[in-house]
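First up is the structure itself, then whatever we jot down about it.
The values are calculated or read from the model by the stated rules, or taken from the named source; none is laboratory data. If you're wondering where the values come from, they're calculated on a predicted model, not measured in any experiment. Neighbour counts are summed over all protein chains in view; Cβ atoms, including those assigned to glycine, are modelled from backbone coordinates with ideal geometry. Ligands, DNA and RNA are stripped out before the accessible areas are found, and what is left, the full protein with its side chains, is counted by its heavy atoms. Shrake-Rupley method; radii C 1.70, N 1.55, O 1.52, S 1.80 Å.
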Amino acid sequence: MDGMTTSARVYAGVEGDQRRAERRAQLIEAGLDLLGGPDGETALSVRGVCKRAGLASRYFYESFTDREALAVAVYEHAVGRIAESALRAVAEAPQEERALVRAVVATLVREISDDPRLGRLVFSASLNTVLAEQRLESVRMFVGLTIAQAVDFYDMPSGPELDLVGHFVVGGLAQILTAWLDGAVEVETEVLVERCTDLMIAAGSVR
């Protein structure tokens with residue numbers, strides 16, 4: 001009996017929960033292709049994402065209630081990738097102001113350069129209501145991370161003035177990266193990294 005139960009639960013050596021997780025990851029990756037592509041939100045549909053993922057539509061509904069739920073999951077996945085890379089850069093960089101700031105900027109630029117889908121989705125100016133709310137939450141998260149790093153590195157108290165700097169730095173960098181991705185700002189990658197590093201350090205000097 002135990003053997004029959006195990007056989008029912010496991011197929012081709014992969015447990016059911018793992019297979020569902022793998023299908024969900026496929027759908028999120030396909031959603032990132034569509035949401036982070038040139039057509040953005042208008043390209044996202046249940047049929048379209050299932051076709052790109054190579055999955056039947058019934059598998060879509062085992063993980064998501066509708067296309068908006070998928071859009072939120074895709075956005076959170078993209079933000080999570082960027083945030084994780086930024087935090088890793090901080091942890092691995094020399095504990096010196098310019099080295100730290102440059103490490104974060106270089107990491108962000110590399111992430112969106114290597115995978116433009118991330119930049120187009122996370123920094124896009126045109127988002128629907130659901131993703132606009134996610135954007136606001138992600139900005140707050142990035143501002144919070146920026147402030148926490150400043151408080152820790154400079155051993156200073158948080159407060160309204162530091163909040164202003166945090167929002168200025170996060171918003172300004174996001175706008176620069178958006179313009180660079182769109183081709184409105186045409187500079188070499190290394191120049192972009194160095195100038196953004198300069199600007200962020202200058203903004204932080206008002207602390």
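List of remarks:
- Some residue of the stretch 102-121 being surrounded by fewer than 15 Cβ atoms within 10 Å (Cβ to Cβ), modelled with pLDDT of 90 or more and within 16 Å of the chain's Cα centre (by Cα): yes
Conditions tested, residue by residue: (1) open to solvent by less than 50 Å² (accessible area, probe 1.4 Å); (2) more than 30 Å from residue 34 (Cβ to Cβ); (3) within 15 Å of the chain's Cα centre (by Cα); (4) not basic (Lys, Arg).
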{"site": "130", "(1), (2), (3), (4)": "yes, no, no, yes"}
{"site": "156", "(1), (2), (3), (4)": "yes, yes, no, yes"}
{"site": "159", "(1), (2), (3), (4)": "yes, yes, no, yes"}
{"site": "167", "(1), (2), (3), (4)": "no, yes, no, yes"}
{"site": "172", "(1), (2), (3), (4)": "yes, no, no, yes"}
{"site": "179", "(1), (2), (3), (4)": "yes, no, no, yes"}
{"site": "191", "(1), (2), (3), (4)": "no, yes, no, yes"}
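- Restricting the first member to the stretch 178-193 and to residues that are of a type in the set (Ser, Thr, Tyr), and the second to residues that are surrounded by 11 or more Cβ atoms within 10 Å (Cβ to Cβ), the beta-carbon pairs closer than 8 Å and six or more apart or on different chains are 178/119; 178/123; 178/124; 189/109; 189/113.
- So residue 151, is it farther than 12 Å from residue 105 by Cβ, open to solvent by less than 70 Å² (accessible area, probe 1.4 Å) and β-branched (Val, Ile, Thr): yes
- Count - residues of the stretch 7-51 that are at positive phi and either buried (at least 17 other Cβ atoms within 10 Å of the Cβ) or modelled with pLDDT of 95 or more (or both): 1
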